[in-house]
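Student: Sharing a structure, written as structure tokens. Questions coming.
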Amino acid sequence: MAPTRDFLTPDVRTQEVNRPSSDYLDVRTPLRLDSGRTLNAYRIAYKTYGALNADKSNAILVTHALTGDQYVASHHPVTGKPGWWETLVGPGKPIDTDRFFVICPNVLGGCMGSTGPASINPDTDKPWGLDFPVITVGDMVNAQVPLIDHFGIDQLFCAIGGSMGGMQVLAWAARHRHRVFSAVPIATAAWHSSQNIAFHEVGRQAVMADPEWSQGRYLELGKEPRNGLAVARMAAHITYLSEEALQRKFGRNLQNLAAKSFSFNADFQVESYLRHQGSTFVDRFDANSYLYITRAIDYFDLAAEHGDVLANAFKDTKTRFCVVSFTSDWLYPTRESREIVQALNAVAANVSFVEIDSDKGHDAFLLEEPEMFATISGFINAGAARRGLKPARSG
Amino acid sequence: MLAPQGPRAHRVDHLLIAEMVKHGSRVLDVGCGDGALLQLLADTKDVDGRGIEVSRERVNACVARGLSVIQGDADHDLADYPDGAFDYAILSLTIQATLQPKAVLQQLLRIGRYAIVSFPNFGHWQVRAKLLFTGRMPVTENLPDAWYVSPNAHLCTIKDFSNLCDVLGARVERAVAFNASGQQLGTWLPLTVHNLMGEKAVFMLTQTWAENNGVKRS
């Protein structure tokens, strides 16, 4: 279907899992996980852009969402598509790689080179599969700390991310507060709601109901739960959009048809679109990674980690925050961002909060949103001035 | 985005507030509008400033120019802040538009070591004259909206505000009234004259009960 199809082979994907084409750091210090289990050694695959300055004060950590990866501003090695946040990150962009050193790691549990369930378990020489320990967003963040240490960075100038990326930003600010000068959690929440857990569960059940999933051992058996994972993605994708955007984009339009076919083919454009979303996703993502990462998000509850008082997560914080939400995001609605803001106000933290008017739903954070770019630029430039970093080029 | 603003006329109450605020202090501007006061305080007093503004567009414009501002309002969002979180909690030309001016003022006194409040004086002679001679709600340059679209739900006079300060046990550290041409009225003039000639007033307040009751602020 897509012209890039020829290199979407399972081989390329397997290669990216175990020998990523990006940089990577092999960490030999054991990582104590929130579950109580320990990961003795692990790999974090990452991309960097721009140059670290002499006093290592210009680093921006970009954290990715559920199905994102380290290719924030460069072509994806499996799909050949442009980076997922090239609208925001690049030379002269709001996150200006001419001024800042941008680090984007693939999360622990991911499938683009960081250790995850598709990686080879050194103890068995087989893919981890379900032997991989269940991880949390906090674990993902703790696993990124050695990467920041690796660059000799004491304090990140900024941590920024949307959705699960925003959760990582919050976890960074809560767990490693002295190492984050400013934080931009976008389209996110301090805890995952019941409805969102429910959607994730539908997705996981779809994967696990696919006979090809084989109790998670599909990789060693040479199988692939494509149908299950595609259905999971289709259901999830609906939650990333909005009713208004779907209606505007597709209405009740038929797909290449003059009339209804009276069958279960994809008559409607919206069906065809979702099927496409499902099948292209399966080409680039590992089903078990999907289970593990959705689980990590379900478990995210920053207040619960701090005596059920969210403000305690940020007590005495010196970090400058800019919280961003979107009017039509029903996955992480504005009220959940406002809860973060209230907790930050309760500790008199330095916080900005903008709600961007958009009908594009949760996915708006990945799209062309000039008002989001303007506010993020303003926040980053003001922070850079406070931090004594060189100003943006004029013009 | 951080390019210096071109020359612009600052509001007289903003200039007075900027004069009251100490260098490097922590400031909350409630109802900060387009951020003009916060910008002035950042430029001239290097304050650690925060703003609250009800209009989403204005909030986003403030953040885009590098100010720390959140969307919210005086009636609902002040309760979130801890005691003594700021050196100055400022409410400039906003108290008359709140639902609960007394509660809002109490919150300001709680979260700021000083509360600075400016408001349009409904006791100004033009306002009185309009009401007396036309028998209708005054519409003046200072109060430009008809009663049915005005955001001003709780207008008061300088005497009224002074009375509210007494009711709350707030000590007036400084009170200044401006006439219609933006000139400060002499402090030697009696309150009655301020109440008649002042078009706007700025009060700087502290809460006395804390000291009286030996309450230690955090």
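The values are calculated or read from the model by the stated rules, or taken from the named source; none is laboratory data. Quantities reported herein were computed from a predicted structural model and do not represent experimental measurements. All Cβ positions, even for glycine, are placed from backbone atoms using ideal geometry, and neighbour counts span all protein chains on display.
Student: Would you mind stating whether A:Arg233 is buried (at least 17 other Cβ atoms within 10 Å of the Cβ) and either in contact (Cβ under 8 Å) with a residue 24 or more places away in the chain or closer than 17 Å to A:Gln277 by Cβ (or both)?
Tutor: yes
Student: Let me ask something else about it. From B:Trp125, B:Trp147, grab the single residue that is exposed (fewer than 13 other Cβ atoms within 10 Å of the Cβ) and either at pLDDT 95 or above or hydrophobic (A, V, I, L, M, F, W, C) (or both).
Tutor: B:Trp147
Student: Among (1) within 11 Å of chain B (Cβ to nearest Cβ); (2) more than 27 Å from A:Trp84 (Cα to Cα), which single condition is A:Thr317 missing?
Tutor: Status for A:Thr317: all satisfied but (1).
Student: Just for the stretch A:127-180: of the residues that are charged (D, E, K, R) and in contact with a Lys or Arg (Cβ under 8 Å, 6 or more places away or on another chain), which one is modelled with the highest pLDDT?
Tutor: We begin by selecting, within the stretch A:127-180, every residue charged (D, E, K, R); these are A:131, A:139, A:149, A:154, A:175, A:177, A:179.
If we keep only those that are in contact with a Lys or Arg (Cβ under 8 Å, 6 or more places away or on another chain) too, we end up with A:154, A:177.
On the way: A:Asp154: 98, A:Arg177: 95.
Among residues in the stretch A:127-180 that are charged (D, E, K, R) and in contact with a Lys or Arg (Cβ under 8 Å, 6 or more places away or on another chain), the one modelled with the highest pLDDT is A:Asp154.
Student: Just give me the residues in the stretch B:55-73 being more than 7 Å from chain A (Cβ to nearest Cβ) and crowded, with 24+ Cβ neighbours inside 10 Å, in sequence order.
Tutor: B:Cys62, B:Leu67
Student: Please enumerate the residues belonging to the stretch A:292-316 that are within 24 Å of A:His178 (Cβ to Cβ) and among the charged types (D, E, K, R).
Tutor: A:Asp301, A:Glu305, A:Lys315, A:Asp316
Student: Moving to a separate point now. Residue check: is A:Leu331 away from chain B (no Cβ under 14 Å), outside any helix (DSSP H, G or I) and buried (at least 21 other Cβ atoms within 10 Å of the Cβ)?
Tutor: When the stated conditions are applied, A:Leu331 passes them.
Student: Next question, about the same structure. List pairs: first residue in the stretch A:118-147 and buried (at least 22 other Cβ atoms within 10 Å of the Cβ), second residue among the β-branched types (Val, Ile, Thr) and assigned to a loop (DSSP other than H, G, I, E, B) anywhere in the structure, Cβ distance under 7 angstrom, at least six positions apart or on different chains.
Tutor: Going by the 7 Å Cβ cut-off, the qualifying pairs are A:Met140/A:Val107.
Student: Name the residue that is nearest to the other protein chains (Cβ to nearest Cβ), counting only residues in the stretch B:74-90 that are hydrophobic (A, V, I, L, M, F, W, C) and either within 9 Å of B:Leu28 (Cβ to Cβ) or buried (at least 17 other Cβ atoms within 10 Å of the Cβ) (or both).
Tutor: Step by step, filter the stretch B:74-90, then rank; the result is B:Ala85.
Student: If you don't mind, there's one more thing I want to ask. Return the residues of the stretch A:348-394 that are under 13 Å from A:Asp96 (Cβ atoms), more than 10 Å from chain B (Cβ to nearest Cβ) and not charged (D, E, K, R); say none if nothing qualifies.
Tutor: Within the stretch A:348-394, A:Leu389 is the sole residue that qualifies.
Student: Oh, and also: Of the numbered conditions (1) surrounded by 14 or more Cβ atoms within 10 Å (Cβ to Cβ); (2) without any contact (Cβ under 8 Å) to a residue 24 or more places away in the chain; (3) within 21 Å of A:Trp128 (Cα to Cα), A:Gln255 satisfies every one except a single condition; which is it?
Tutor: It is condition (3) that A:Gln255 fails.
Residues are listed down the side, and each one gets a yes or a no for (1) modelled with pLDDT of 95 or more; (2) in contact with a Leu (Cβ under 9 Å, 6 or more places away or on another chain); (3) of a type in the set (A, V, I, L, M):
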| residue | (1), (2), (3) |
| --- | --- |
| A:Asn40 | yes, yes, no |
| A:Lys56 | yes, no, no |
| A:Ala73 | yes, yes, yes |
| A:His76 | yes, no, no |
| A:Gly80 | no, yes, no |
| A:Ile95 | yes, yes, yes |
| A:Pro117 | yes, yes, no |
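Student: I've got another one for you. Name the residue, out of A:Arg226, A:Arg275, A:Arg248, that is in contact (Cβ under 8 Å) with a residue 24 or more places away in the chain, out of contact with any helix residue (DSSP H, G or I) (no Cβ under 9 Å at 6 or more places or on another chain) and not hydrophobic (A, V, I, L, M, F, W, C).
Tutor: Among A:Arg226, A:Arg275, A:Arg248, only A:Arg248 is in contact (Cβ under 8 Å) with a residue 24 or more places away in the chain, out of contact with any helix residue (DSSP H, G or I) (no Cβ under 9 Å at 6 or more places or on another chain) and not hydrophobic (A, V, I, L, M, F, W, C).
Student: Please find, among B:Lys45, B:Lys130, B:Lys102, the residue that is more than 29 Å from B:Leu196 (Cβ to Cβ) and more than 14 Å from chain A (Cβ to nearest Cβ). Steps first, answer last, please.
Tutor: Numbers: B:Lys130 fails: more than 29 Å from B:Leu196 (Cβ to Cβ); B:Lys102 fails: more than 29 Å from B:Leu196 (Cβ to Cβ).
Among B:Lys45, B:Lys130, B:Lys102, only B:Lys45 is more than 29 Å from B:Leu196 (Cβ to Cβ) and more than 14 Å from chain A (Cβ to nearest Cβ).
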